[in-house]
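The values are calculated or read from the model by the stated rules, or taken from the named source; none is laboratory data. Since the structure is predicted, the reported quantities are computational estimates derived from the model, not experimental observations. Cβ placement follows ideal geometry from the backbone for every residue including glycine, while neighbour counts extend to all protein chains displayed. We work out accessible area using only protein heavy atoms, side chains counted, and drop any ligands, DNA or RNA first. Shrake-Rupley method; radii C 1.70, N 1.55, O 1.52, S 1.80 Å.
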Amino acid sequence: MASVQHIILVLSGKGGVGKSTISTQLALALRHAGKKVGILDVDLCGPSIPRMLRAQGRAVHQCDSGWVPVYVDQEQSISLMSVGFLLENPDEAVVWRGPKKNALIRQFVCDVAWGQLDYLVVDTPPGTSDEHMATVDALRPYGPLGALVVTTPQPCRPRSQAVSVGDVRRELTFCRKAGLQVLGVVENMSGFVCPHCAECTHVFSRGGGEELACHAGVPFLGSVPLDPELTRSLEEGRDFIREFPESPAFPALLSIAQKVLTEAPARLL
């Protein structure tokens, strides 16, 4: 971990907002920008990253420095560690109490031979639970920690009853209490891209992420629309950034990655 330059936790106050999607696409975009990236999947009860990167079923090996992460590509530009590699059956449920989860998270941080990395992207479970505190406590000795907060597009007006945005407000409060530097807010599922004409229709409300970022005084990094091609590429473990440059989600994801590249080094000093 001493050779990791920047650490970014991907957070959200609730499940189903696409944290793992943003984590994988951010890692791929950073890789295509010439960076060496690691992904630490601490969503112990829902380890979906191995499937999204077509790495399920791979084995974790030991070396003198500890566990060797799974390399996603031949160039070894993306490395990945997940509890999914430690389960005999990918459908096996992780029924562990807090102390065992916390011990594994500490082992992922301290006993994995990550090597030289420009960025370590940490995919977290929903909420502000023991796993989050264990992750922050384990990572804190290795430098300032950044947070990228994911929400869906419901407006955050006081009377809107937007549950997901309210959950993200609490996540931002957690970041302040835990001493995380918020790099910005990403609004995911911002409209639906028609697979036939590529027009983006705002099925849900819109603007909640940007409004929330403005109210919280943190950067708004961008909006990512729902795209069937993105969903399909995640299910099949394909590189969306490389294979679908014509998708409306492509410039949104690249813009977010570029802002991270620009802002993270300055904010994580």
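Could you tell me which residue of the range 89-130 is modelled with the lowest pLDDT, considering only residues that are among the charged types (D, E, K, R) and in a loop (DSSP other than H, G, I, E, B)? I'd like the intermediate steps shown before the answer.
The initial filter retains those residues of the range 89-130 that are among the charged types (D, E, K, R), namely 91-92, 97, 100-101, 106, 111, 118, 123, 130.
Cutting the leftovers down to in a loop (DSSP other than H, G, I, E, B) gives us 91-92, 97, 111.
Values: 91: 76, 92: 81, 97: 85, 111: 93.
Out of the qualifying residues, it is 91.
Can you say whether residue 225 is within 19 Å of residue 194 (Cβ to Cβ), over 16 Å from the mean Cα position of the chain (by Cα) and part of a strand (DSSP E or B), as far as the supplied structure shows?
On the way: within 19 Å of residue 194 (Cβ to Cβ): yes; over 16 Å from the mean Cα position of the chain (by Cα): yes; part of a strand (DSSP E or B): yes.
For residue 225, the condition - within 19 Å of residue 194 (Cβ to Cβ), over 16 Å from the mean Cα position of the chain (by Cα) and part of a strand (DSSP E or B) - is met.
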Condition set open to solvent by 10 Å² or more (accessible area, probe 1.4 Å) and touching a His at 6+ places or on another chain (Cβ under 9 Å), scope the range 242-260, selection farthest from residue 73 (Cα to Cα): answer is 254
In the range 56-79, residue farthest from residue 2 (Cα to Cα) [restricted to those that are hydroxyl-bearing (Ser, Thr, Tyr) and in a strand (DSSP E or B)] = 71
Qualifying positions in the range 44-79 - open to solvent by less than 30 Å² (accessible area, probe 1.4 Å) and either in contact with a Cys (Cβ under 6 Å, 6 or more places away or on another chain) or hydroxyl-bearing (Ser, Thr, Tyr) (or both) | 77, 79
Do we find a residue being surrounded by 18 or more Cβ atoms within 10 Å (Cβ to Cβ), in a strand (DSSP E or B) and aromatic (Phe, Trp, Tyr) anywhere in the range 80-88?
-> no
With respect to the numbered conditions (1) surrounded by fewer than 17 Cβ atoms within 10 Å (Cβ to Cβ); (2) at pLDDT 90 or above, which one is the sole condition not fulfilled by residue 214?
-> (2)
Could you check how many residues of the range 105-121 are out of contact with any Asp or Glu (no Cβ under 8 Å at 6 or more places or on another chain) and crowded, with 19+ Cβ neighbours inside 10 Å?
-> 9
